[in-house]
1. Of all residues in the range B:18-54, count the ones that are at positive phi and part of a strand (DSSP E or B).
2. Which ones in the range B:8-24 are under 12 Å from the mean Cα position of the chain (by Cα) and within 7 Å of chain A (Cβ to nearest Cβ)?
3. Among the residues of the range B:57-68, is any charged (D, E, K, R), modelled with pLDDT of 90 or more and either assigned to a loop (DSSP other than H, G, I, E, B) or more than 18 Å from the chain's Cα centre (by Cα) (or both)?
4. Enumerate the pairs (first residue in the range B:1-22 and outside the structural domain of B:A95 (by TED's automatic domain parsing) and over 11 Å from B:L53 (Cβ atoms); second residue anywhere and aliphatic (A, V, I, L, M) and in a loop (DSSP other than H, G, I, E, B)) with beta-carbon separation below 6 Å, excluding pairs fewer than 6 apart on the same chain, so at least 6 apart or on different chains.
5. So is B:T116 among the polar types (S, T, N, Q), closer than 29 Å to A:P122 by Cβ and out of contact with any helix residue (DSSP H, G or I) (no Cβ under 8 Å at 6 or more places or on another chain) or not?
6. The conditions are (1) of a type in the set (A, V, I, L, M); (2) within 18 Å of A:N78 (Cβ to Cβ); (3) surrounded by fewer than 21 Cβ atoms within 10 Å (Cβ to Cβ), and B:L45 fails exactly one of them. Which is it?
7. Say whether the condition of being touching a strand residue (DSSP E or B) at 6+ places or on another chain (Cβ under 9 Å), at pLDDT 95 or above and exposed (fewer than 14 other Cβ atoms within 10 Å of the Cβ) is met by at least one residue in the range A:120-132.
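The values are calculated or read from the model by the stated rules, or taken from the named source; none is laboratory data. Model, not experiment: these values are computed from the prediction. Neighbour counts are summed over all protein chains in view; Cβ atoms, including those assigned to glycine, are modelled from backbone coordinates with ideal geometry.
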Number of protein chains: 2
Amino acid sequence: MEQRISLITLGVTDLARARSFYEALGWCGTEVEETVFHQAGGMALVLWDRRKLAEDCGLPDSRPAGFGGFGGIALAHNVRTDGEVDALLRLAAAAGGTVTRPAAVNAIGFYSGVFTDPDGHPWEVAHNPGFTLAADGSLILPRFAAPPEDT
Amino acid sequence: MEQRISLITLGVTDLARARSFYEALGWCGTEVEETVFHQAGGMALVLWDRRKLAEDCGLPDSRPAGFGGFGGIALAHNVRTDGEVDALLRLAAAAGGTVTRPAAVNAIGFYSGVFTDPDGHPWEVAHNPGFTLAADGSLILPRFAAPPEDT
């Protein structure tokens, strides 16, 4: 297995609402057969019906009705300034998202906050100077202080 | 918001188990303060304690104990041949994952299957000739037949 992810598909309950939300944040996608595809660097972010996605995964979706809790995964969007963190959280809230952790300097020492999209998928928005953002937005992990088993 | 994802963090209940699973699939990460970071193209895949991740997102993690159902999101790893799909599903099963949808030609017409990692995160493994894989593994979406509102 090569060390890469080709697509991330977010299960959504209202495709038009989800699509509009990401458009309001500045994303531009293409809808094909009730599925919205967004190119995102060397991968794609996809929006698809949650029930169909669960079925396609061969998994039961027994989330309690109305459950707004944590699904087990978080996405992150890193930016270059604290001001961009604030601006994006404001934009997400205005677009129908929910700020679940207001922006602040976290325990690790960088400025970040979290919003959820209309289907509850969490996005951390972070200005972490420890993680390089290339000109094209690619994230490059630092050479961490060498732990015993990884150099 | 630029159209990109910086990190994906998978909530895990046993970091060593999760790390070993991804190592068995061929991933190489670095552990820093009970968090494992993997560079994955222009982004990073991170493994972190599920409870801490939920808390960091400002979300309750009220997943029923032992619930193995769908969390609302799926990752995909696209490969270049049907044989690679079969081989990776076998490898994932041998490493402690669960094949939740055996490989077959799906309704759209390409060959794929799904496994879940030890924490239940689903990965579709697909050979989809409609999606270009660049030499470096980047996925490039096709120019879809133009829908009315996207050209």
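1. 0
2. Within the range B:8-24, B:I8, B:T9, B:L10 qualify.
3. For the range B:57-68, residues charged (D, E, K, R), modelled with pLDDT of 90 or more and either assigned to a loop (DSSP other than H, G, I, E, B) or more than 18 Å from the chain's Cα centre (by Cα) (or both): absent.
4. Matching pairs, first to second residue: B:M1/A:L25; B:F21/B:A95.
5. Against the criterion (among the polar types (S, T, N, Q), closer than 29 Å to A:P122 by Cβ and out of contact with any helix residue (DSSP H, G or I) (no Cβ under 8 Å at 6 or more places or on another chain)), B:T116 qualifies.
6. Unmet for B:L45, out of (1) of a type in the set (A, V, I, L, M); (2) within 18 Å of A:N78 (Cβ to Cβ); (3) surrounded by fewer than 21 Cβ atoms within 10 Å (Cβ to Cβ): (3).
7. no
Per-residue answers, yes or no, for (1) buried (at least 22 other Cβ atoms within 10 Å of the Cβ); (2) β-branched (V, I, T):
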{"residue": "A:H77", "(1), (2)": "yes, no"}
{"residue": "A:R80", "(1), (2)": "no, no"}
{"residue": "A:G83", "(1), (2)": "no, no"}
{"residue": "A:A87", "(1), (2)": "no, no"}
{"residue": "A:A95", "(1), (2)": "no, no"}
{"residue": "A:T98", "(1), (2)": "no, yes"}
{"residue": "A:G109", "(1), (2)": "no, no"}
{"residue": "A:S112", "(1), (2)": "yes, no"}
{"residue": "A:D117", "(1), (2)": "yes, no"}
